[in-house]
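First up is the structure itself, then whatever we jot down about it.
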Amino acid sequence: MKKLAILVTALFGLNLHAQKLTISGYVKDEMSKEALIGASVVNANTQTGISTNQYGFFSLTIPASDTIELIISYQGYNIQAKKIIAKEKVQLEILLENTAGTLGEVVVSSGKNNHNIQKVQMGVIDVPLRAIKNLPILMGERDLMKIIQLLPGVQGGQEGTTGFYVRGGNLDQNLIQLDEATVYNPNHLFGLFSTFNVNAINNVQLIKGGFPAEYGGRLSSILNITMKEGNKTKLQVAGGIGLLSNNLTIEAPIQKNKSSFIISARRSHINLFIKQFASKGNSYKFYDINAKMNFELGKKDHLFISFFKGNDNAAYDNPNSLNYTTEFGNSTGTFRWNHLFGNKIFSNTSIIYNDYNLALSTSQNNYYSLLYTAVKDITLKTDFTILPAANHQIKTGFAYTYHQLSPASFSASIPRRGNRLTINKTGIYKLYSTELAFYAADELEVSKKISVNYGLRVPVFTASGRTYFFIEPRITSKLSIGNTASLKASYTNMNQFLHLIPNATAGLPTDIWIPSSDKTKPQSSTQYALGIFKNFKNNEIETSVELYYKKMNNQVLFAEGKQLRININLDSLLAYGKGESYGAEFFVKKNTGKLTGWIAYTLSKTSQQFSGLNFGVTFPFKYDRRHVLSVTASYQLTKTWIFSAVFVYSSGVAFTIPAGRVSTLNSGTIFEGNYYVYEGRNNYRLAPYHRLDFSASNKKTVKLFKKRYEREWSFGVYNAYSRQNPYFVYFEIDALTNKPTAKQVSLLPIIPGLSFNFKF
């Protein structure tokens with residue numbers, strides 16, 4: 001009997017030792033109840049932890065204990081220690097207090113922590129809004145896309161524009177999502193700044209390697225932008241006046257602490273300047289609107305409804321030059337439902353709609369050209385995150401997208417009698433396709449030193465009776481080297497089913513989207529990456545070196561001498577080839593203190609080979625830049641004054657110089673008399689690009705009509721030493737040699753910036 005009692009006691013003790021406790025909940029801003037994405041929740045007893053997801057949710061399963069202490073941290077907020085006495089699962093709402101003393105910090109990842117060392121991910125950078133709001137601005141417009149261009153492995157396109165190219169990929173290889181909805185053209189003012197209003201944004205994340213299995217459909221990067229949810233506790237109004245536009249943001253609770261809304265809008269006033277200095281008929285105007293509502297239906301259910309619309313309209317009228325009218329814009333809508341199954345399974349179901357269209361009409365001399373392109377998508381997706389333990393996370397789900405694309409273009413001589421032809425949008429031959437994808441991924445801490453994230457994505461694409469089926473393996477592994485360093489490696493296979501075809505038929509740079517078909521195969525890439533990550537001074541300084549190699553197949557360009565026409569078979573106009581890119585990315589950043597910022601340097605090479613172009617010989621990718629360097633710094637001089645600077649340098653982009661010209665008459669297109677003879681593709685490089693920007697901002701809390709509000713004056717200088725950087729090159733015929741001569745056009749000299757912002 002005594003032996004039995006001892007056995008029962010031992011078994012009971014073993015059972016207590018094996019008991020687990022699940023703590024889940026949300027981490028939010030104390031004042032607004034806004035979700036804090038990427039906040040760190042750590043069990044002080046075991047030093048195991050997790051980060052909140054894009055809805056601020058976390059679930060941590062840990063050994064049961066009499067007293068559990070959680071440490072919760074997020075950059076710009078006071079660290080909170082929370083003691084819990086519980087024997088079974090518990091759900092929390094953790095509210096963090098904003099730390100006014102860190103308002104001037106410019107950082108690229110959240111928290112004074114070692115997430116960059118401990119997380120099983122590489123090629124992923126979180127960009128908080130303070131980096132966007134503090135660094136120099138162009139003409140008073142704060143722009144997150146300009147910050148993206150300053151990160152390692154990323155480079156900009158033309159002078160001053162917001163386009164970005166990642167690890168040798170083209171523009172169309174970047175998937176840009178706003179609350180999960182795809183934004184196909186994220187630009188205003190022909191790309192001088194983006195269509196994203198920073199006042200409506202909560203979080204920005206760039207993924208350029210080691211892609212998780214839930215992402216697909218692009219080869220080079222995923223840019224995830226999450227909109228604010230709106231203040232759940234009080235009415236808040238913010239706005240600003242810049243040189244190009246005005247903005248206003250209103251957010252307030254619908255039901256206090258339970259539901260809220262936000263509406264944010266921008267409207268240009270650039271037409272006021274154009275009317276003073278340009279002829280009648282010239283104009284440019286744009287606007288964008290962000291709106292979002294969220295509802296907490298209980299502890300287990302949340303609803304989110306998001307809307308976005310941006311539009312540009314421009315006209316240029318000059319009888320002796322190129323004339324054009326253009327209108328383009330994006331519209332998106334997202335409905336999302338979050339549900340908790342117990343405390344360990346988080347689900348998100350989304351219905352998404354997006355619509356992009358561009359219409360362009362140009363004329364020059366006796367010829368005119370028309371272009372129209374549109375993309376409409378409807379997406380249904382469901383994702384599940386399963387958190388069985390603190391060191392184990394499973395993700396799985398599916399997504400279905402219905403695509404409708406409408407590409408068309410036309411060029412002809414202007415008739416002496418009668419009317420010009422027009423493009424009837426309803427009569428354009430539409431290209432339909434569907435994209436279905438399933439994925440599953442498992443992130444596991446094998447030991448205290450080794451962790452791995454592995455998974456599969458299975459996309460199925462159907463268009464014009466042709467179906468493509470792929471299996472895309474993904475794996476990222478991490479080896480910890482002490483507490484301050486880790487070695488990571490990743491392998492990713494990706495496929496892309498929509499193609500962006502650069503088109504210059506209209507005389508202005510435009511792009512046309514087409515789906516994969518029987519002849520135009522899906523683009524594919526295989527990427528290998530290896531990196532070492534090391535932190536110094538208690539994680540205040542982060543450093544990393546990442547090496548990558550990427551092979552791309554089924555790249556698409558227009559064949560030489562081809563032009564797009566209305567309802568023509570697009571496949572007959574294209575050339576197909578492959579690309580290769582490899583490089584090294586160096587990154588150093590300082591997170592805290594009065595002086596913050598980062599240095600990013602990329603050494604890379606990207607080349608392409610098309611059997612139908614350049615005689616089949618390998619040639620440099622247009623945006624192959626050997627060296628790209630960016631240095632950013634922000635200094636908090638006083639509690640109210642912040643000074644910032646940015647310096648960028650990059651090798652010149654490649655372009656093609658013709659060897660001669662063939663005169664033609666009566667060709668019936670806008671290119672009358674301008675056919676050149678080429679002997680090599682991208683056979684020359686523009687001059688290197690470099691510039692220095694400065695900014696200063698003064699933030700104060702003042703009183704107006706006995707009420708306190710925050711106001712900010714921001715002053716900036718873009719291109720401080722007025723470097724004549726190349727925007728594009730055109731050709732003139734030398735009167736003596738009758739050969740084309742390249743002429744450089746520089747767009748942006750030194751430009752002052754000024755904006756006034758307020759919030760109450």
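Taken together, the values in this text are just the output of simple stated rules run on the coordinates, not laboratory data. All values derive from a computational prediction rather than experimental measurement. With ideal geometry, Cβ positions are generated from the backbone for all residues, glycine too; neighbour counts draw on all protein chains shown.
A few notes on this one:
- For the stretch 124-759, size of Cβ-based charge dipole, Lys and Arg +1, Asp and Glu -1, in debye: 1600 debye
- In terms of other Cβ atoms within 10 Å, TYR468, TYR77 run from fewest to most in the order TYR468, TYR77.
- The ranking of VAL127, VAL460 by Cβ neighbour count inside 10 Å, starting from the fewest, reads VAL460, VAL127.
- Charge dipole of the stretch 124-759 about the Cα centre (unit charges at C-beta), most positive-ward option of GLY210, ILE254, LEU613: ILE254
- Applying a DSSP loop filter and a limit of 13 other Cβ atoms within 10 Å to the GluC sites (Glu not before Pro) in the stretch 530-629 leaves GLU560.
- Among the listed pairs LYS395/LYS519; LYS292/LYS703; LYS550/LYS743; LYS228/LYS309; LYS208/LYS258, those whose Cα-Cα separation exceeds 25 Å are LYS395/LYS519; LYS292/LYS703; LYS550/LYS743; LYS208/LYS258.
- Judged by the gyration tensor of its Cα atoms, with axes a ≥ b ≥ c, the stretch 215-268 is oblate; a/c meets the 1.5 cut and b/c is at least as large as a/b.
- Check: the stretch 429-546 dipole with +1 on Lys, Arg Cβ and -1 on Asp, Glu Cβ, in debye: 180 debye
- Residue separation of TYR400 and ALA687 scaled by 0.36 nm, minus their Cα-Cα distance, works out to 98.8 nm of gained length.
- In the stretch 616-661, trypsin sites (Lys or Arg not before Pro) in a DSSP loop with at most 14 other beta-carbon atoms within 10 Å: LYS639
- In the stretch 202-255, the trypsin sites (Lys or Arg not before Pro) that fall in loop regions by DSSP, at most 14 other Cβ within 10 Å: LYS234
- A Förster distance of 25 Å, applied to the separation of the beta-carbon atoms of LYS256 and ALA81, puts the FRET efficiency at 0.35.
- Rounded, prolate or oblate (a/c below 1.5 giving rounded, otherwise prolate when a/b exceeds b/c) for the stretch 124-759 by Cα gyration tensor: rounded
- 12 Å cut-off, amide nitrogen to a point 7 angstrom out along THR233 Cα→Cβ, residues in the stretch 247-270: 257
- Global form of the stretch 156-313, assessed from the alpha-carbon gyration tensor, a/c cut-off 1.5: oblate
- Cα-based reach from LYS89 at 19 Å (exclusive), listing lysines while leaving out same-chain residues under 8 positions away: LYS20, LYS299, LYS300, LYS344
- The stretch 191-244 - convex hull of the alpha-carbon atoms, volume per residue in Å³: 121 Å³
- Taken as Cα centroids, the stretch 309-385 and the stretch 51-99 sit 39 Å apart, rounded to the nearest whole angstrom.
- Only one residue of LEU219, GLY242, LEU192 has its Cα farthest out toward the positive end of the dipole of the stretch 154-251, where Lys and Arg carry +1 and Asp and Glu -1 on Cβ, and that residue is GLY242.
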